[in-house]
Each structure stands twice: as C-alpha cells, then as structure tokens.
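Below: one structure in structure tokens.
Readers should treat all values here as calculations from the given coordinates under stated rules, not as data from a laboratory. In this text, all values refer to a predicted model and were calculated from it rather than measured experimentally. Note that we place each Cβ from the backbone using ideal geometry, even for glycine, and neighbour counts take in every protein chain shown.
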Amino acid sequence: MNLFKKFLKYSNTTKLQKIIRIYLATNLKVSQKVKNLRQIFNALDKTGKGEISFSNLESMSSQLMNVLDINKEKLLKIFKSIDINKTGYVEYSEFLAAGLDVMLINEDKNIDMVFDFLDSDKDGYVKSSDLAKIFKGDFGRMSIDSNSIMEELHCNPNDKISKKEFLTDVQRMIRRENSIFVMSNEEEEIFDF
Ligand SMILES: [Ca+2]
Ligand SMILES: [Ca+2]
C-alpha cells in the first residue's frame, strides 16, 4: 500500500477535499481496506491512546526520508496537514481521512452524502452560510473559513451550489489532483510500505 504517497498527496490537497475525507472517514461503513489502515494505525500508536505523535510518524518514515528529498520540516508539514483538528496528534479518523482510497471519495453516492451534510439548512443548495454553520461545530478547529471553500468551488461568496454542480466540481477537483501528482515506478516502489 502506498500510504506514504497518499499522505504526501493529502498534504497538498484542497481544504474541501480534506473536509470530504474527514466526513467520509467518520461516517462510512468499515470495509476491508479500512481494516488494513486500522492495523497500521495501531502499530504506529505506540502508547495505545488512539493517537499518533510526530515522533511516531518520524520513526516509521526515517528510511524513506533518507532515500527521498524529505527533511524533518517537510514531514512535519505533512503531519500538520493530517492533524486537521490541531491537537498535535493524529487521531484515527484523521489518519483514515488521509489514507482513504480516492476511488471511494469519487463515488457519486458518497459525494451526495457529503453534499447533504454541507447543506446544513437543507434547502438543496450549499451556500456560504451553510458552511459557516458547519465550521462552528465539530469542524470548527480546522481554521477554515467558508469563503475559501467557496473559492475552491470557483464560486463567489454569495453563490449557491446545487447537488449536481457540487458532484461535477468535486470530481473535476479529484481528476485535477490525480493528474498533477504522478510518480515514476521507481518512486512508487520506494513509497510502498
Ligand atoms: Ca488531531
Ligand atoms: Ca443550504
């Protein structure tokens, strides 16, 4: 499994994709793939508290960091991007969000589910005011403002987005990110742990 590669990619992904991933990681039923991630997480969680520290991640990655052009600073950047709620640790849902397979994110029914969550006043559109409500709740610590999410969707703060538009935009976003982040076979092998 190219987990490290997924982490790297995740650190460069849009805020919206991180929100989508966190939501799905928390709400999707457990599949076999997710079970494997649980095992890796447990192995990294040296204290058994349900959280991974930066030094846990660093010890796992030391070989990779030597081989690749990744210094401690860059690894810390990756770690911080996964630690969405800024606790200083990576909890399981955050780990899962970063490791979720892109195929899962790309499924229409899953994007639909995220849309229904984001449409917090249930009027059939996602607006800046819906997002603002969400960022006051559990997602509040993400330090994300609703207008920057609207921007990622190429919308003005006053626009509203239908479910159909949201689906198209998210799928386009995923395609664009996949095309930017391409690795050679050699790199793929190094990242395979
Ligand atoms: Ca955290
Ligand atoms: Ca709405």
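Which stretch or stretches of region 116-155 have amide N atoms under 16 Å from the point lying 7 Å from N12's Cα along the Cα→Cβ direction?
Taking a point 7 Å out along Cα→Cβ of N12, no residue of region 116-155 has its backbone N under 16 Å.
Given 10 Å bins starting at zero, what is the percent of C-alpha pairs of region 11-69 in each, up to the one with the largest pair distance?
18, 35, 41, 5
Follow-up question, since we're still on this one. Could you work out which residue, out of V67, V114, V34, moves most in a Gaussian network model of the chain, that is, has the largest mean-square fluctuation with Cα springs under 10 Å?
Most flexible of the set in this elastic network: V67.
Relative to the longest principal axis of the C-alpha atoms of the chain, give the angle of the C-alpha long axis of helix 72-82, reported between 0 and 90° and rounded to the nearest 10°.
With both axes taken from Cα atoms, the answer is about 40 degrees.
Shifting gears a bit: Between T168 and K80, what is the label-to-label distance in nm when each label sits 7 Å out along the Cα-to-Cβ direction?
3.7
Using just the Cα positions, wrap region 108-174 in a convex hull and report its mean projected area in square nanometres, one decimal place.
So the Cα hull casts an average projection of 4.2 nm².
Hey, another quick one. Please report how far the C-alpha centroid of region 96-161 lies from that of region 17-69, rounded to the nearest whole angstrom.
First find each Cα centre; the distance between them is then 23 Å.
With springs only between Cα atoms under 10 Å apart, run a GNM on the chain and tell me which of S129, S148, S179 wobbles the most.
It is S179.
Continuing with the same structure: Report D for region 1-144 in µm² per second (integer): Stokes-Einstein, Kirkwood Rh on Cα pairs, 4 °C, 1.567 mPa s.
In µm²/s, the coefficient is 81.
Who wins for biggest fluctuation among N12, N71, N42 in a Gaussian network model of the chain, springs between alpha carbons below 10 Å?
So, out of N12, N71, N42, the one fluctuating most is N71.
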